Amino acid sequence: MGDVQHRTSHQQAAERGPVGVDADARIGAELAAVVAGARRRALRDGDRQIDTAHLLHTLLESDPEVRELFGGGPQIARLLGYLVQRSIGYGLRWQGSVEDSGAVPTVTGDGWSPVAAAVMTAAYERATRRGDLLAEGVDLLAALITEPGSRAVEVLGRAGVDVRELLARLEGAAGRGVEA
């Protein structure tokens, strides 16, 4: 009965469509852990809201499928190094500010930067286009790297990651039947 009840709540969430960030209704357990980790990271860093760099950092630490898309090794180490430095290096200029693309309101009131909220919605929409009711790590990665003004894309660029190449690998993995 629990599975039927759980599935029904996710189907209802899918029918309602993405409104705000309702992580419990639209993401699987692995991605829920990423969101929880990003929330802890934002609090620890003294940030007012979860932003896309928090999401990217926690996603890289917790999702082996996502790490594999980066080719592992040195690129992951360099990327994680930049993400760790966000609270002591260049990320200081982000403290006290809201990640905003300019296309959406700057205040969400729910603990998410407007850009991070939009990315979570885009991840869910990507999963539903694929026929899934729950977003996964690869959905979040795809949404993160297609948001050009995000802090996550800025960090990727500073770490020398070619975002277009990464997106091509992500789409190539989906074409081979890998859930991407």
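The values are calculated or read from the model by the stated rules, or taken from the named source; none is laboratory data. Predicted model, so just to flag it, every value in this text is computed and none were measured. All Cβ positions, glycine included, derive from the backbone under ideal geometry; neighbour counts span all protein chains shown.
If you check Thr8 against the conditions, is it in contact with a Gly (Cβ under 8 Å, 6 or more places away or on another chain), modelled with pLDDT under 50 and not basic (Lys, Arg)? It is false that Thr8 is in contact with a Gly (Cβ under 8 Å, 6 or more places away or on another chain), modelled with pLDDT under 50 and not basic (Lys, Arg). Scanning the range 54-86 for residues that are of a type in the set (Lys, Arg) and modelled with pLDDT under 90 yields Arg78, Arg86.
When you scan the range 50-63, do you find a residue that is out of contact with any Gly (no Cβ under 9 Å at 6 or more places or on another chain) and over 21 Å from Glu171 (Cβ atoms), even just one? For the range 50-63, residues out of contact with any Gly (no Cβ under 9 Å at 6 or more places or on another chain) and over 21 Å from Glu171 (Cβ atoms): present. Residues that are aliphatic (A, V, I, L, M) and either part of a helix (DSSP H, G or I) or over 20 Å from Leu156 (Cα atoms) (or both) within the range 33-56 comprise Ala33, Val34, Val35, Ala36, Ala38, Ala42, Leu43, Ala53, Leu55, Leu56, listed in sequence order. Once the range 25-53 is narrowed to residues that are surrounded by fewer than 21 Cβ atoms within 10 Å (Cβ to Cβ) and touching a strand residue (DSSP E or B) at 6+ places or on another chain (Cβ under 8 Å), the residue that is modelled with the lowest pLDDT is Gly28.
Restricting attention to the range 58-76 and to residues that are within 14 Å of Gly157 (Cα to Cα) and assigned to a helix (DSSP H, G or I), the residue that is farthest from the chain's Cα centre (by Cα) turns out to be Gln75.
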